[in-house]
Amino acid sequence: MSDVQTQYRRAAELRQTAADLRKRIDTGEVSNDSERDLFESQAQVALRIADISEQMAKKSEARARREAEHIIEHGHASYDTSDAEVRSTLRYIKTGERPSAEERAVMTVATGSTGGYAVAQPLVQSILKKAHRQNPLLALARTYNIDGGNPTTYVPIMSIGTVTAWLAEAGSRTEQAEPTFAQVTLTASDLAGFWLTTQTWLDSFTDGEQLVIDELGASCMQELAIQLVTGTGTGNKPMGIATGATNGYTYVPGLAASTISNTSILNLIMGLRPMWRVGASLIMSPATLALCLGMAQPFTGATQPLVNFDGEGNAWILGHRVYESEDMPAVATNSYSVAFSSFENSYAIALHRNVFVIRDEVTIPGQVRFIVLFRVAGAPTNTEACVLLKTAVS
């Protein structure tokens, strides 16, 4: 789903939330004036954010229109075609022409069973930039860039800290034990995306080679986003953040079998140690955020909404930024629907700097098959720095 579609859908969900809140007022579900005022205030906030989302969508549409006009006028997207790697990558995709000797000098060529050529870094960064907007964990977690043929990297985690001692001014300074470190192993696997087309289409469609790269990258990043949240760590997939006890994170119960409340959100935030709580953020699905929009801050007499929004439409709960991820589990029995963490400390992603593209016009006569390979890994690191909210009584 594109950014524009996501923004329009978010606006529609917020308008529906506002309608539901006002329906509860009209049907007499609220019992006193303060609750009615709170619900009406939340409905108005939801409508304001819906307006902001629609404005952002319209701006995105305008940017896309300008990009399309640029392509029509210049025959390519607004990346730097003077870059030798960019020119060579796009020509290889469109025609199958191998890079010249001069171009190979600035490119990475895969050998052996991998084959293909490394996608130019400006194109890779364009893919990752879009992915960061769609998957907040890619932007929040600590990313390690790996290179070369070794798919494994090691993340050191201090298991026993420095030893301290109180000493007299003139007392002896006895040497203490050294801190010890454990390590988390990140073993990257290949995430492959496939695209099937014809040479006729590539020849006739303006900027088709860029579309191939964009679509292959988007499909791979969408799959990565899912696995960074719900992956089990098996079958060459990362271990996700919302898999519960299997990933080592602790959880707090939502105090109900099938829903969450403002009190459970408060318990989640206070369940993270203060040293990790500063600067920590929440990740939840849009549906869970919509549920939180109907809640008041705990112990305020239902006078303050739980969710506040800044001028850019970003949601905040009790001073902590809320990020939306469509891949987070919905609120349901035994699901882990909200993560609260200093994600830079609790989760690590290893991403190989080279993204390889293979062009195959032989296997299927008359058609051209593209394969793009991202080498990536993801795993929890410091499990103290993340707490999950589990929809359960205990």
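The values are calculated or read from the model by the stated rules, or taken from the named source; none is laboratory data. Worth saying up front: this structure is predicted, and the values here are computed from it rather than measured. Virtual Cβ from ideal backbone geometry, glycine too; neighbours counted across all protein chains shown.
Show the residue pairs that are 6+ apart or on different chains and have beta-carbon atoms under 7 Å apart, the first residue being within region 318-335 and without any contact (Cβ under 8 Å) to a residue 40 or more places away in the chain, the second being buried (at least 21 other Cβ atoms within 10 Å of the Cβ) and among the acidic types (D, E).
Note: no pairs meet the criteria.
Out of the residues in region 69-86 meeting the condition of being loosely packed, with under 13 Cβ neighbours inside 10 Å and of a type outside the set (D, E, K, R), tell me which one is modelled with the highest pLDDT.
S82
Give all pairs with beta carbons closer than 9 Å in which a residue from region 21-38 that is under 15 Å from A296 (Cα atoms) meets a residue that is among the hydroxyl-bearing types (S, T, Y); count only pairs at least 6 apart in sequence or on separate chains.
S34/T303; D37/T303; L38/T303
Taking the condition loosely packed, with under 15 Cβ neighbours inside 10 Å and either without any contact (Cβ under 8 Å) to a residue 24 or more places away in the chain or closer than 16 Å to E324 by Cβ (or both), does D51 pass?
No.
Which one of L268, L272 is part of a helix (DSSP H, G or I), surrounded by 13 or more Cβ atoms within 10 Å (Cβ to Cβ) and either aliphatic (A, V, I, L, M) or modelled with pLDDT of 90 or more (or both)?
After ruling out the rest, the residue left standing is L268.
Hey, I146 hits all of (1) at pLDDT 85 or above; (2) aliphatic (A, V, I, L, M); (3) out of contact with any helix residue (DSSP H, G or I) (no Cβ under 8 Å at 6 or more places or on another chain) but one; which does it fall short on?
Among (1) at pLDDT 85 or above; (2) aliphatic (A, V, I, L, M); (3) out of contact with any helix residue (DSSP H, G or I) (no Cβ under 8 Å at 6 or more places or on another chain), I146 violates only (1).
So, A257, is that one surrounded by fewer than 16 Cβ atoms within 10 Å (Cβ to Cβ), among the hydrophobic types (A, V, I, L, M, F, W, C) and more than 15 Å from R133 (Cα to Cα) or not? Quick ask: steps written out before the conclusion?
Numbers: surrounded by fewer than 16 Cβ atoms within 10 Å (Cβ to Cβ): yes; among the hydrophobic types (A, V, I, L, M, F, W, C): yes; more than 15 Å from R133 (Cα to Cα): yes.
Taking the combined requirement at face value, the residue satisfies it.
Sort out which residues of region 127-143 are in contact with a helix residue (DSSP H, G or I) (Cβ under 8 Å, 6 or more places away or on another chain) and outside any loop (DSSP other than H, G, I, E, B), and write them in order of number.
Answer for region 127-143, where residues must be in contact with a helix residue (DSSP H, G or I) (Cβ under 8 Å, 6 or more places away or on another chain) and outside any loop (DSSP other than H, G, I, E, B): I127, L128, K130, A131, H132, R133, Q134, L137, L138, A139, L140, R142.
Starting from residues that are closer than 21 Å to E326 by Cα and of a type in the set (A, V, I, L, M, F, W, C), keep the ones in region 1-45 and report whichever is nearest to the chain's Cα centre (by Cα).
Once the filter is applied, the top-ranked residue is M1.
If a residue has to be in a loop (DSSP other than H, G, I, E, B), over 13 Å from L191 (Cα atoms) and among the hydrophobic types (A, V, I, L, M, F, W, C) to count, how many in region 350-379 make the cut?
Residues meeting the conditions: 2.
Residues of region 323-336 being outside any loop (DSSP other than H, G, I, E, B) and crowded, with 23+ Cβ neighbours inside 10 Å, which ones?
The one that is outside any loop (DSSP other than H, G, I, E, B) and crowded, with 23+ Cβ neighbours inside 10 Å: Y336.
Given the condition free of Cβ contacts under 8 Å to residues at least 60 places away in the same chain, more than 30 Å from V184 (Cα to Cα) and part of a helix (DSSP H, G or I), answer yes or no: does some residue in region 255-263 qualify?
yes
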